[in-house]
Structure formats: C-alpha cells, structure tokens
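The values are calculated or read from the model by the stated rules, or taken from the named source; none is laboratory data. The shown structure was predicted, so the numbers you read here are calculated from the model rather than taken from an experiment. Positions of Cβ are backbone-derived with ideal geometry, glycine not excepted, and every protein chain shown enters the neighbour counts.
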Amino acid sequence: MRKPHVAGYFYPSDADELRDKIAWAFTHWNGPGFIPEIVSTSPKLGVIAPHAGYDYSAPVAAFSYNAIVNSGKYDYFVIIGPNHTGLGEPVAVGTEDYATPLGIAKIEKDAVSEIIDDYIVTDNVAHLREHSVEVQIPFLQYFYGDVKIVPIVMMDQSLEAAERLSSRLKKLKGNFTIIASSDLNHYLPLQKLRTYDNYFVKAVLSRDIKAIYRYIYSDEITACGFGPIVTLLLTYSGKVELLKLSNSIEMAGGETGVGYGAFSVEKV
C-alpha cells in the first residue's frame with residue numbers, strides 16, 4: 001500500500017476537510033462555479049490537469065474533472081505524471097494501491113500487465129514521494145467513490161518514451177481514460193508567465209509536438225509534465241480544448257508564480 005505523501009501539505013489530511021476543499025475548488029471564483037454530477041452528455045475524453053497545492057491549482061484542476069464527470073463513468077483511470085524526485089526507473093508503473101484520506105484507489109492489474117515491457121516497468125520506488133499522481137486521485141474519489149487506477153511516473157519524458165507509452169496505452173481494453181498531470185511554466189513574473197503559458201497552450205491546442213519539445217529543450221518553457229501531455233496527445237486523436245488557464249499569482253499573489261492549465265482531449 002502506498003501511503004499518501006503530500007496529505008496535510010498539498011491537500012488536507014482529514015477526509016471531511018478534503019471533501020470541503022474539493023467542493024471549494026469547484027465553487028471558487030476561479031473554478032467552474034458549480035459541483036457537477038456524473039452524466040454522459042459528451043464524448044469520452046482525457047484531460048490535462050495541474051498538480052500543485054490545492055490552494056493554488058485546485059480551481060483550475062476542477063475544470064478538468066468537471067469535463068471528466070460530464071463525460072460519464074469509467075472502469076479505471078490511467079494517471080501519468082512527471083518524476084520530480086529522481087527516484088526509480090525512467091518510466092515507472094506503480095503496482096501498490098494508493099491510499100488517500102478518501103479511501104483506497106486500487107491498481108487495475110490487468111491494464112498494468114498490458115502496459116509494461118522491457119522499458120516501461122513496474123517500480124514503486126518512483127512513486128514513493130512523487131506528488132504528481134497522488135494529488136489527482138482525491139478528485140476522482142470525490143465523484144466516483146471507489147476507483148481503479150494505473151499510476152505512471154515518467155522521468156524519461158522524451159518523444160521516444162512518450163511514443164512507446166502511447167503505443168501500449170492504445171492496446172488497453174475496457175472503458176478507461178487518461179489524466180496527464182502537469183503544471184505549466186515555473187517561477188516567472190506575471191506578464192512573462194502569461195506570455196510563455198500562451199506559447200505552450202497554442203502548441204498543445206494545435207498538437208504541435210515538435211514545438212512542445214523545441215520549447216522544452218531550449219529552456220524557453222518549463223512545463224514539468226510535457227511527457228505525459230505528449231503521451232495523451234499521441235493516444236487520443238480528437239479535439240483538444242483549453243478549459244481554463246490561470247496561475248498561482250492570480251490565486252495567491254506574489255512576484256513570481258507557476259502557470260496552470262486545464263485541457264480536454266477527445267478520445268477518438
């Protein structure tokens with residue numbers, strides 16, 4: 001069992017407080033403004049969602065989860081995040097159930113067995129202290145209750161790794177969706193942050209994967225989960241939509257901040 005690492009830090013460790021915080025994110029002035037109910041009124045889709053502390057990014061993430069909830073129910077969720085810790089294998093699939101204050105998210109073992117190969121491997125060390133997957137799970141539990149997940153952490157975010165992971169995800173069976181966990185640009189003043197975030201948003205919306213890597217490798221853009229984002233874009237070929245763009249300065253002030261974007265990608 002993987003115990004929560006950032007409960008009490010990125011989000012509340014008390015279950016009732018955590019539910020209240022998620023509800024706060026949806027009704028916040030920078031959030032959707034309402035708490036959705038599970039319906040099935042739109043095509044199945046995946047999302048890009050931020051993974052910072054809830055006080056800063058949860059209202060933006062709420063737009064991503066509003067889109068998921070509005071697209072119906074899923075048998076399991078593939079959550080792909082970047083590796084911030086440097087621990088573990090280059091592309092690591094977790095096999096330990098994830099505990100959060102809202103319960104246990106169980107591993108979808110059949111899907112894990114379909115994804116792994118000689119490079120995409122099972123490795124729980126990479127997940128021990130990584131927050132990018134963990135912070136997404138309470139949103140799913142809030143709406144769906146007991147959930148099954150496939151947690152994946154990418155230290156290798158190269159195009160080759162994204163293509164390889166995407167090829168495995170395309171073979172998965174069942175009714176599932178993908179959550180790509182990423183913040184946008186980091187530690188910039190507001191105007192520069194907005195400018196650089198808009199550059200990255202344009203590349204994502206146009207599916208310009210070459211531009212995404214050109215920005216990243218030139219150090220112009222510092223979106224931390226570019227590998228998960230590209231994996232999602234390679235796997236789902238439908239319309240990409242920007243749901244919300246904001247940043248920590250708009251939420252909490254400060255001279256520099258981090259950008260947050262919520263996107264949906266139709267599953268075709």
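Residues that are closer than 19 Å to F26 by Cα, at pLDDT below 95 and among the charged types (D, E, K, R) within the range 38-72 are absent altogether. The set of residues in the range 160-210 being over 13 Å from Y236 (Cα atoms) and of a type in the set (S, T, N, Q) consists of N175, S181, S182, N185, Q191, T195, N198, S206.
Got a sec? Which of A92, A105, A99, A61 is in contact (Cβ under 8 Å) with a residue 60 or more places away in the chain, closer than 29 Å to P32 by Cα and in contact with a helix residue (DSSP H, G or I) (Cβ under 7 Å, 6 or more places away or on another chain)? Steps first, please.
On the way: A92 fails: closer than 29 Å to P32 by Cα; A105 fails: in contact (Cβ under 8 Å) with a residue 60 or more places away in the chain; A99 fails: in contact with a helix residue (DSSP H, G or I) (Cβ under 7 Å, 6 or more places away or on another chain).
When all the criteria are applied, what remains is A61.
Scanning the range 230-268 for residues that are at pLDDT below 95 and either touching a Ser or Thr at 6+ places or on another chain (Cβ under 6 Å) or among the aromatic types (F, W, Y) (or both) gives a single hit, V268. Taken over the range 164-193, the residue count meeting the criterion of being over 26 Å from K109 (Cβ atoms) and surrounded by fewer than 18 Cβ atoms within 10 Å (Cβ to Cβ) is 6.
Beta carbons closer than 7 Å, at least 6 apart along the sequence or on distinct chains, pair a first residue in the range 2-18 that is surrounded by fewer than 16 Cβ atoms within 10 Å (Cβ to Cβ) with a second that is of a type in the set (G, A, S) for K3/A99; S13/A7.
Filter the range 147-163 down to residues that are charged (D, E, K, R) and more than 28 Å from Y56 (Cα to Cα) and give me whichever is surrounded by the fewest Cβ atoms within 10 Å (Cβ to Cβ).
E160
Taking the criterion of being out of contact with any strand residue (DSSP E or B) (no Cβ under 8 Å at 6 or more places or on another chain) and within 25 Å of L242 (Cα to Cα), the residues of the range 12-30 that qualify are I22, A23, W24, A25, F26, T27, H28, W29.
Restricting the first member to the range 70-84 and to residues that are surrounded by fewer than 16 Cβ atoms within 10 Å (Cβ to Cβ), and the second to residues that are not in a strand (DSSP E or B), the beta-carbon pairs closer than 6 Å and six or more apart or on different chains are D75/G174; D75/N175. Residues in the range 103-149 that are basic (K, R) and out of contact with any strand residue (DSSP E or B) (no Cβ under 7 Å at 6 or more places or on another chain) were compared, and the one that is nearest to K3 (Cα to Cα) is R129.
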